[in-house]
Amino acid sequence: MMATQDRADAPWQQIRAQLPQVERADIVVGLPSFNNAETVKPVIQAVTTGLRHAFPSSSIVLINQDAGSQDGTPELIKGAVEEQFPIALLTRAASGTSGMESFPRLSGASSAGREEAFHSFLSATRDAGATACAVIDPAVRAVTPDWIAWLLSPIIESRAEYVAPLFLRPRYEGSLTNTLVYPLNRALYGTAMRYHAGGGCGISGPLAGLYLEQKFWDERAVRSSMEVCLTTVAIGEGRGLCQAGLGEKLGQAPAGAEDVSTVVAETVGTVFYFMERYQDVWESRPQVQPVLHTGIPYRPQPDRGPINVDRMLRGFRQGLRDLLPIWEIILSPETLSGVLPLGLIEKEDFQFPAQLWAQTVYDFALAYHEKVLHREHLLKSLTPLYLGQMASLVLRTLHQKPEDVEACIEELCDTFARMKPYLVERWRFS
């Protein structure tokens with residue numbers, strides 16, 4: 001593991017060089033940016049208004065870490081803050097002492113250096129002796145002043161150590177989270193965290209220090225799913241949890257389309273990575289525990305546009321044709337015998353049973369643990385099966401209410417929990 005202490009010192013030293021009057025802070029607000037000129041001014045206005053109203057007597061420092069914007073984003077951020085709060089501007093080049101190689105996430109250049117920025121914000125929080133840190137994405141148009149209180153008050157009031165975002169999203173948006181990450185991790189850890197990504201989060205000072213000690217910073221493929229890392233470590237370490245309902249997540253248009261198989265590999269690979277890390281926790285974790293909630297109550301939203309089920313089914317059937325030799329290595333004979341007949345079912349009758357889906361995911365987790373194949377190839381081969389499960393969910397609920405999709409997701413959670421012994425028994429002997 002890299003020398004975390006050495007690499008974490010630089011950001012706070014740079015901040016002190018820019019802001020010599022700032023010796024410590026109660027609250028750190030991190031702003032990771034890349035070409036966000038079109039959204040940044042209203043975001044900063046919302047953040048500064050929220051800070052003034054919610055924490056008028058707290059010492060606060062803002063940190064913008066930019067990934068090489070060409071549109072003047074850092075200058076716009078500093079201009080929008082004016083003299084309201086001390087603000088430091090960091091860049092990837094200046095923070096290169098972090099020890100992490102620079103790379104963009106595949107969600108587009110707007111996420112370049114995002115993981116490095118998180119590391120800088122966490123180390124600054126620790127070194128400033130701050131009680132709490134909020135990370136706010138300047139690309140999200142929907143930021144309101146209320147976000148600040150929702151993300152930070154549970155921490156300041158000692159009711160939670162990690163506050164995750166919870167967004168109002170169209171019912172089929174975030175399907176990988178809804179049909180795999182959420183049901184699997186809820187079954188594993190007994191905590192109903194939804195694992196929504198991006199936008200904003202809140203982290204306590206002690207938890208920031210704990211995050212900096214984690215080995216996932218050395219795992220390039222793992223740390224690309226930053227929210228999964230932060231949420232799972234908080235759960236696995238038994239820290240107080242909260243979800244903040246932040247409303248709709250309306251963001252700046254992404255720079256390019258994401259490759260589905262890469263997203264599946266990165267996200268699911270991170271979940272499986274932590275399964276190995278926290279085996280002792282999830283093997284014995286009790287029933288689902290409630291999670292504190294602040295902000296807007298969660299409810300699924302109507303669709304924003306047409307849903308292309310045919311495309312999902314084509315992806316599933318293409319996988320049956322191309323990946324069968326790989327699936328024969330990964331899936332148990334029982335699971336494979338359930339999957340194969342699905343390729344013969346017409347669209348109007350197609351369903352991927354919940355129990356079969358849970359067993360499929362557990363088989364992939366076991367194969368990952370046993371290293372039966374190169375892990376990236378293994379994880380990407382899950383994509384057609386995920387598309388089949390998603391097509392099944394859409395076909396079942398397309399003409400129903402958004403709340404009916406939520407009921408199906410809860411049914412999946414119950415199925416994953418009921419079938420957890422299938423995983424535990426095989427994992428112990430793998």
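Observations, loosely collected:
- Subset of the range 158-195 that is in contact with a Gly (Cβ under 7 Å, 6 or more places away or on another chain) and in a loop (DSSP other than H, G, I, E, B) - its residue that is surrounded by the fewest Cβ atoms within 10 Å (Cβ to Cβ): R159
- Unique match (being within 22 Å of the chain's Cα centre (by Cα) and over 14 Å from L382 (Cβ atoms)) among P325, P333, P300: P300
- Condition met for L313 (part of a helix (DSSP H, G or I), in contact with a Gly (Cβ under 8 Å, 6 or more places away or on another chain) and within 18 Å of V271 (Cβ to Cβ)): no
- One residue stands out among those in the range 287-332 that are at pLDDT 95 or above, among the β-branched types (V, I, T) and under 26 Å from Y422 (Cβ atoms): the one that is surrounded by the fewest Cβ atoms within 10 Å (Cβ to Cβ), which is I329.
- Test result for L246, assigned by TED's automatic domain parsing to the domain that holds S381, of a type in the set (A, V, I, L, M), touching a Gly at 6+ places or on another chain (Cβ under 9 Å) and crowded, with 16+ Cβ neighbours inside 10 Å: no
- Single condition F274 does not satisfy, out of (1) within 24 Å of P32 (Cα to Cα); (2) in a helix (DSSP H, G or I); (3) modelled with pLDDT of 95 or more: (1)
- Within the option set S392, S337, being in contact (Cβ under 8 Å) with a residue 24 or more places away in the chain, assigned to a helix (DSSP H, G or I) and of a type in the set (G, A, S) holds for one residue only, S392.
- The condition (being over 17 Å from the mean Cα position of the chain (by Cα) and within 30 Å of W357 (Cβ to Cβ)) is satisfied by just one residue among P154, P165, P170, P145: P170.
- The condition of being at pLDDT below 95 and either in contact with a Cys (Cβ under 8 Å, 6 or more places away or on another chain) or among the acidic types (D, E) (or both) holds for only one of D26, D6, that being D6.
- Positions within the range 342-377 being under 15 Å from G388 (Cβ atoms), out of contact with any Gly (no Cβ under 6 Å at 6 or more places or on another chain) and not in a helix (DSSP H, G or I), in sequence order: I345, E346, F350, Q351, P353
- Tally of residues being out of contact with any Lys or Arg (no Cβ under 7 Å at 6 or more places or on another chain) and farther than 16 Å from T294 by Cβ across the range 137-168: 4
- Qualifying residue in the range 210-226 (condition: crowded, with 22+ Cβ neighbours inside 10 Å, modelled with pLDDT of 95 or more, more than 26 Å from L385 (Cβ to Cβ) and assigned by TED's automatic domain parsing to the domain that holds A130): yes
- Looking only at the range 44-60, and only at residues there that are touching a strand residue (DSSP E or B) at 6+ places or on another chain (Cβ under 7 Å) and not in a loop (DSSP other than H, G, I, E, B), the one that is surrounded by the most Cβ atoms within 10 Å (Cβ to Cβ): V47
- Filter result (part of a strand (DSSP E or B) and over 26 Å from the mean Cα position of the chain (by Cα)) within the range 61-87: I87
The values are calculated or read from the model by the stated rules, or taken from the named source; none is laboratory data. Because the structure is a prediction, the values reported are computed rather than measured. Glycine gets a Cβ as well: all are built from the backbone with ideal geometry, and neighbour counts include every protein chain shown.
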